[in-house]
Amino acid sequence: MSNLTDLTRTLNLVCNKYRQDPRLPDFFLMSDDERLPDSTQTIINMPPGSAIVLRHRDPAIRQKLAFSLSPLCKNRRVALLIAGDIALARNCRADGVHFSQNSIARKDHKTQSAIHQNWIVTAAAHCRKSALQAHEAGIDAIFLSPVFATKSHPGVKSLGPLGFQAISQVVPTPIYGLGGMNRANIHRLKDCRLAGIAGIGYIADTVNRNQGVCLA
């Protein structure tokens, strides 16, 4: 099992040249209602310069967590992005927002509003069309998924290295791999313009293992 040093070294070796924006991290931790309902301990263990996307579906829980995690993230120098809620991101003084593929497809005015905030703005994409739409919208980084089989979406067909490469070759925006990512899979994408990774279990386990804490 790799530790945080192994992961960081691998990401710097494979991905660093595809991240021109100094605000973009090696990896994004994704919160999750079921698999990572409380990311407080993980944030404490995360290295400065990394980032978390808070994406809980329940508005009340999302708001409570946002205001709780914001000062912790600033103290740890971990960027906090709020999924789909510009008002909450502004109110809790987050560092950015994350949009769904559908939000980008609708050409929602909120996208441009977020970009004009000088935030880190990311978007989800699951195909070439949606990745190009995110690029055209001016998004800072794209989370392309699922790259490999993932617990979050069992049974969903994955892109694999060839699918990821086909999309990354035609989309100039930095692309992060999401879905089934681990240290071995990062090496499988070394020729695919991979900018970094995003995820839940693997990243949380690796970060917490580095501090002697392991998620159940």
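The values are calculated or read from the model by the stated rules, or taken from the named source; none is laboratory data. Bear in mind the structure is a predicted one, so any value in this text is a computation, not a measurement. Reconstructed Cβ throughout: ideal geometry from the backbone, glycine too, with neighbour counts over all protein chains shown.
Beta carbons closer than 6 Å, at least 6 apart along the sequence or on distinct chains, never pair a first residue in the stretch 136-161 that is more than 16 Å from Ile197 (Cβ to Cβ) and at pLDDT 85 or above with a second that is among the hydrophobic types (A, V, I, L, M, F, W, C) and part of a loop (DSSP other than H, G, I, E, B).
Restricting the stretch 46-83 to residues that are out of contact with any Phe, Trp or Tyr (no Cβ under 9 Å at 6 or more places or on another chain) and of a type in the set (Val, Ile, Thr) leaves a set whose member that is nearest to Ala141 (Cα to Cα) is Ile82. For first residues located in the stretch 111-130 and over 20 Å from Leu24 (Cβ atoms), partners that are part of a loop (DSSP other than H, G, I, E, B) and of a type in the set (A, V, I, L, M, F, W, C) and lie 6+ apart or on another chain with Cβ distances below 7 Å form the pairs Arg128/Val170.
The residue list Ile167, Ile175, Ile200, Ile142 contains one member that is over 17 Å from the mean Cα position of the chain (by Cα) and surrounded by 18 or more Cβ atoms within 10 Å (Cβ to Cβ), which is Ile167. Within the set Asn12, Asn91, Asn16, the sole residue that is under 17 Å from the mean Cα position of the chain (by Cα) and closer than 26 Å to Ala137 by Cβ turns out to be Asn16.
Being within 20 Å of Ala83 (Cα to Cα), small (Gly, Ala, Ser) and at pLDDT below 95, is that true of even one residue in the stretch 202-213? Yes, that holds for at least one residue. Taking the stretch 119-154 as the range and being assigned to a helix (DSSP H, G or I) and either in contact with a helix residue (DSSP H, G or I) (Cβ under 6 Å, 6 or more places away or on another chain) or aromatic (Phe, Trp, Tyr) (or both) as the test, the residues that pass are Arg128, Ser130, Ala131, Gln133, Ala134, Ala137. Contact annotation: residue pairs with Cβ atoms under 6 Å, 6 or more positions apart or on different chains, pairing a residue in the stretch 34-50 that is surrounded by 16 or more Cβ atoms within 10 Å (Cβ to Cβ) with a partner that is of a type in the set (Val, Ile, Thr) and part of a loop (DSSP other than H, G, I, E, B), are Leu36/Ile200; Ile43/Val78; Met46/Val78; Ser50/Val78. Within the stretch 94-110, is even one residue farther than 30 Å from Leu132 by Cβ, surrounded by fewer than 21 Cβ atoms within 10 Å (Cβ to Cβ) and hydrophobic (A, V, I, L, M, F, W, C)? There is no residue in the stretch 94-110 that is farther than 30 Å from Leu132 by Cβ, surrounded by fewer than 21 Cβ atoms within 10 Å (Cβ to Cβ) and hydrophobic (A, V, I, L, M, F, W, C). Look through the stretch 73-89, keep the residues that are outside any helix (DSSP H, G or I) and in contact with a Ser or Thr (Cβ under 9 Å, 6 or more places away or on another chain), and return whichever of them is nearest to Ile104 (Cα to Cα). Among those residues, the one meeting the criterion is Gly84.
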